[in-house]
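Take a look at this one; I'll ask things after.
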Amino acid sequence: MPATIVVGAQWGDEGKGRVADWLASQADVVARFAGGDNAGHTVYVGDEIFKLHLVPSGILHDRVTCVLGNGMVINPVNLVKEIEGLIEAGVPLSPERLHISTRAHIITPAHIALDGASERARGQQAIGTTLRGIGPAYTDKIARRGIRAGQMKDSEDFADSLHRMMEDANQVLADDLRLDVDTLTVEYLKAAERLRPFLRDSSAYLNQRLKENASILCEGAQGTLLDVDHGDYPYVTSSSPTVGGALSGLGIGPCFVERVVGVAKAFSTRVGSGPMPTELDDPIAERLRGTGENFWDEFGTTTGRPRRCGWLDAVAVRYAAQINGFTELVLTKLDILSGFDELKIAIGYIIDGERVASPPATSAELERATPIYETLPGWSEDIRATRDWVALPDAARRYVERIETLVDVPVRTLSVGPEREQLIHR
Ligand code: IMP
């Protein structure tokens with residue numbers, strides 16, 4: 001059976017967690033391929049809210065096996081906390097149900113401290129990272145001095161590498177960021193011991209399962225516009241949260257991929273720095289963001305930061321469709337648009353007097369982009385209880401159909417609320 005890849009079509013936070021949760025009900029294996037605990041998925045099951053940063057939300061489906069792939073960077077201490085929290089909440093979680101790739105990289109306290117130091121040094125030009133050590137961990141991986149998760153099998157080797165990395169970091173860190181190397185090494189060794197039974201050659205496992213006809217769901221984190229190659233550099237994360245990253249981050253071949261599901265929110269949000277052409281700073285943005293009282297309001301799951309909000313940017317979503325070859329789109333949070341008299345969609349940009357149809361390569365150019373808007377009629381009806389495409393207000397259907405045309409990908413699924421069943425399948 002084939003693989004399905006779920007990818008964010010904007011700047012992250014598109015609602016991939018709930019889409020993965022829905023698709024996981026049809027999968028045997030759910031595998032994450034990039035990023036680390038910079039991601040945050042909120043999944044709502046019955047009365048319980050699960051905030052997951054590393055473990056795929058597929059873990060909430062008893063028959064699913066979850067994989068943390070080789071493309072990820074993993075903070076062992078935080079992963080242990082997440083595992084224990086899930087076990088406490090009654091989720092059956094054992095090494096049979098969760099595999100950690102021996103080739104994934106470890107985020108150490110040195111990476112977290114260096115992330116903070118680098119952001120501080122950038123001042124006004126800060127990326128607005130999640131301060132989880134993601135960038136420095138990938139930097140060490142590419143510079144061939146990182147620590148692979150497989151090293152946790154050998155306590156002495158792991159402790160030596162950790163020690164060395166933290167001592168090196170202490171040479172350059174300011175006094176207030178300097179690390180207590182011995183205490184932190186002990187903490188990490190304890191986490192390594194807990195995680196040891198979960199370690200495995202995950203690529204071999206996934207390929208074996210694919211041969212057995214299992215269905216694999218590859219769960220993306222972040223979004224296409226945060227991709228280190230395709231996003232608006234340097235305001236990106238340090239990994240490839242796009243389809244290419246899924247294949248290399250799991251060690252599977254393209255021949256297995258049948259569906260590439262793009263997830264886009266019905267409007268735009270972004271957290272952290274960097275240009276966002278359709279950003280609004282007015283009562284409309286406040287309405288899109290929500291007050292923060294509900295977990296689905298636009299405040300970061302990982303950092304709690306209010307997200308920047310604005311109209312849908314079809315230029316960005318069309319670009320994401322091109323990069324990833326989406327076979328279908330899921331449009332989330334359509335219900336939030338109820339009650340607006342009119343809605344706008346950016347269909348192109350004007351940069352330096354010229355009309356452009358796709359994002360430019362430099363953030364300086366994107367900063368100068370003025371969106372070209374198309375205005376569509378809004379609808380007043382509350383659509384949260386709607387489960388049928390034809391029962392949606394005409395204006396809502398027209399809004400969705402216009403997006404399909406602009407992005408040139410069919411919108412097969414819509415979400416109209418945070419709960420599992422608040423989905424409309426076409
Ligand atoms: P980093 O991944 O922590 O290095 O952060 C780099 C950029 O990606 C910052 O703008 C973050 O706000 C953004 N980012 C990282 N992870 C996520 C996510 O899961 N959702 C939304 N933005 C993210």
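Which condition breaks for ALA346 when tested against (1) modelled with pLDDT of 95 or more; (2) within 16 Å of the ligand (Cβ to nearest atom); (3) small (Gly, Ala, Ser)?
Only one criterion is unmet by ALA346, namely (2).
Let me ask something else about it. Could you check the range 169-207 and list, in sequence order, the residues that are outside any helix (DSSP H, G or I) and either over 30 Å from ARG120 (Cβ atoms) or of a type outside the set (Asp, Glu) (or both)?
LEU173, ALA174, ARG178, LEU179, LEU199, ARG200, ASP201
Do we have SER363 as surrounded by 13 or more Cβ atoms within 10 Å (Cβ to Cβ) and of a type in the set (Ser, Thr, Tyr) here?
Here the answer is yes, as SER363 does meet what is asked.
If I go through the range 118-133 residue by residue, how many of them are surrounded by 24 or more Cβ atoms within 10 Å (Cβ to Cβ) and free of Cβ contacts under 8 Å to residues at least 12 places away in the same chain?
0
What do you reckon, is GLU48 more than 16 Å from the ligand (Cβ to nearest atom) and over 27 Å from MET276 (Cα atoms)?
For GLU48, the condition - more than 16 Å from the ligand (Cβ to nearest atom) and over 27 Å from MET276 (Cα atoms) - is met.
Somewhere in the range 321-337, is a residue more than 29 Å from ARG259 (Cβ to Cβ) and in contact with a helix residue (DSSP H, G or I) (Cβ under 8 Å, 6 or more places away or on another chain)?
no
Further, regarding this structure: Kindly list the number of the only condition in (1) more than 9 Å from the ligand (Cβ to nearest atom); (2) among the small types (Gly, Ala, Ser); (3) surrounded by fewer than 24 Cβ atoms within 10 Å (Cβ to Cβ) that fails for GLY40.
So the condition that GLY40 fails would be (1).
Another question, if that's okay. State which residue is nearest to the ligand (Cβ to nearest atom) when the search covers only the range 114-141 and only residues that are among the basic types (Lys, Arg) and assigned to a helix (DSSP H, G or I).
ARG122
Okay, next question. List the strands (runs of 3 or more DSSP E) inside the range 208-318, counting only whole elements, that have at least 3 residues being within 16 Å of the ligand (Cβ to nearest atom).
Output list reads 257-265, 268-270, 308-310.
Checking GLN26 against (1) of a type outside the set (D, E, K, R); (2) touching a strand residue (DSSP E or B) at 6+ places or on another chain (Cβ under 7 Å); (3) under 26 Å from VAL411 (Cα atoms); (4) away from the ligand (no atom under 16 Å from the Cβ), only one condition comes out false. Which one?
(2)
Would you check which residues across the range 142-154 are of a type in the set (Gly, Ala, Ser) and outside any loop (DSSP other than H, G, I, E, B) and list them?
Once the filter is applied, which keeps residues that are of a type in the set (Gly, Ala, Ser) and outside any loop (DSSP other than H, G, I, E, B), the range 142-154 yields ALA149, GLY150.
Could you count how many residues in the range 4-36 are within 18 Å of ASP313 (Cβ to Cβ) and in contact with a helix residue (DSSP H, G or I) (Cβ under 8 Å, 6 or more places away or on another chain)?
6
Which condition number in (1) modelled with pLDDT of 95 or more; (2) buried (at least 18 other Cβ atoms within 10 Å of the Cβ) is the one that GLU96 fails?
It is condition (2) that GLU96 fails.
Give just the number: which of (1) closer than 25 Å to LEU250 by Cα; (2) surrounded by 19 or more Cβ atoms within 10 Å (Cβ to Cβ); (3) touching a Leu at 6+ places or on another chain (Cβ under 6 Å) does ASP115 not satisfy?
(1)
Which residues, taken from the range 300-324, are among the charged types (D, E, K, R) and crowded, with 17+ Cβ neighbours inside 10 Å?
If the condition is that a residue be among the charged types (D, E, K, R) and crowded, with 17+ Cβ neighbours inside 10 Å, then ARG307, ARG308, ASP313, ARG318 are the ones that fit.
Mind listing whichever residues of the range 268-309 are among the hydrophobic types (A, V, I, L, M, F, W, C) and more than 18 Å from GLY8 (Cβ to Cβ)?
Hits for the range 268-309 are LEU280, ILE284, ALA285, PHE295.
For the range 253-283, which residues satisfy the criterion of being among the aliphatic types (A, V, I, L, M), buried (at least 24 other Cβ atoms within 10 Å of the Cβ) and in contact with a helix residue (DSSP H, G or I) (Cβ under 6 Å, 6 or more places away or on another chain)?
Scanning the range 253-283 gives VAL263, ALA264, ALA266.
From the list VAL186, VAL181, which residue is more than 30 Å from CYS66 (Cα to Cα) and at pLDDT 95 or above?
Every option except VAL181 fails the conditions.
Does PRO136 meet the test of being over 17 Å from the mean Cα position of the chain (by Cα), surrounded by fewer than 18 Cβ atoms within 10 Å (Cβ to Cβ) and modelled with pLDDT of 95 or more?
no
The values are calculated or read from the model by the stated rules, or taken from the named source; none is laboratory data. All of these numbers come straight from a predicted model, not from anything done at the bench. Here Cβ is always computed from backbone atoms with ideal geometry, including for glycine, and neighbour counts include all displayed protein chains.
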